[in-house]
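Please read the structure below before turning to the comments.
The values are calculated or read from the model by the stated rules, or taken from the named source; none is laboratory data. These numbers were taken from a predicted model, which means no experiment stands behind them. So basically every Cβ, Gly included, is an ideal-geometry build from the backbone, and we count neighbours across all protein chains shown.
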Amino acid sequence: MSFSPLIQSLVEAFRCLPGVGPKTAQRMAFHMLERDREGGIKLSETLQLAIENVGRCSRCRTLSEHELCDICDDSSRDRSKLCILETPVDVLAVEQTGGFNGQYFVLMGHLSPIDGIGPQDLGLDVLLQQIDGAGIEEIILATNPTVEGEATAHYIAEQVKDMGIKVTRIAHGVPVGGELEFVDGGTLAHALAGRRSLL
């Protein structure tokens with residue numbers, strides 16, 4: 001049995017979301033049609049507003065409704081520290097820790113020659129222009145601990161090495177509260193390589 005064209009179209013629309021397969025998309029569509037039409041209308045209106053009005057911050061490139069996001073517009077932030085991340089969600093994750101009060105730059109991805117993603121696609125030319133003469137004392141490379149993330153961090157470090165700026169990489173390793181027997185070998189190797197002195 002096949003669904004009517006409109007129902008099928010709704011199911012297919014839900015499939016654009018990450019991690020949503022055919023069955024989940026079907027459940028979402030039927031839930032909305034059977035039990036929450038009002039929620040569906042609100043979702044569609046909010047989605048349209050967000051698509052039309054959310055762009056990128058002109059300085060850090062995270063998602064924002066304004067020319068400058070709230071973080072870049074905050075004069076109390078430490079402008080001598082710049083944290084470089086892959087996605088806007090990463091900015092949210094760091095902000096929720098409450099442990100960083102500097103500025104951000106969002107790459108919107110990572111270097112991936114296989115996928116045709118090079119330095120220009122990540123706005124690295126814009127990043128270097130922003131860094132030059134901006135009074136930045138430390139760049140914190142917080143790209144993901146994947147092969148591509150490591151390559152991206154290494155590339156950026158190479159580009160800024162002659163600027164007299166301290167370049168650091170976020171630590172990777174054993175999670176707080178984790179037990180060594182349950183940590184995978186790659187993570188444990190990173191933790192051992194990144195060990196630091198306590199005295």
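Things to note:
- All of 105, 100 fail the test of being within 22 Å of residue 160 (Cβ to Cβ), surrounded by 13 or more Cβ atoms within 10 Å (Cβ to Cβ) and modelled with pLDDT under 95, apart from 100.
- Note on segment 18-64: among residues that are among the acidic types (Asp, Glu) and more than 27 Å from residue 87 (Cβ to Cβ), the one that is farthest from the chain's Cα centre (by Cα) is 34.
- Matching option when the condition is under 28 Å from residue 157 (Cα atoms), in the same structural domain as residue 137 (by TED's automatic domain parsing) and surrounded by 12 or more Cβ atoms within 10 Å (Cβ to Cβ), among 88, 113: 88
- Options 196, 169: the member that is touching a Leu at 6+ places or on another chain (Cβ under 6 Å), without any contact (Cβ under 8 Å) to a residue 40 or more places away in the chain and basic (Lys, Arg): 169
- Residues satisfying the stated conditions in segment 168-195, i.e. of a type in the set (D, E, K, R) and within 30 Å of residue 102 (Cα to Cα): 169, 195
- Any hit, segment 118-138, residues being over 30 Å from residue 75 (Cα atoms) and either not hydrophobic (A, V, I, L, M, F, W, C) or not in a strand (DSSP E or B) (or both): yes
- With respect to the conditions (1) in contact (Cβ under 8 Å) with a residue 12 or more places away in the chain; (2) farther than 15 Å from residue 84 by Cα; (3) surrounded by 11 or more Cβ atoms within 10 Å (Cβ to Cβ), residue 135 lacks only one, and its number is (3).
- Listed by position, the helices (runs of 4 or more DSSP H) contained in segment 12-109 that have at least 2 residues being touching a helix residue (DSSP H, G or I) at 6+ places or on another chain (Cβ under 9 Å) and either among the small types (Gly, Ala, Ser) or free of Cβ contacts under 8 Å to residues at least 40 places away in the same chain (or both) are 22-35, 37-53.
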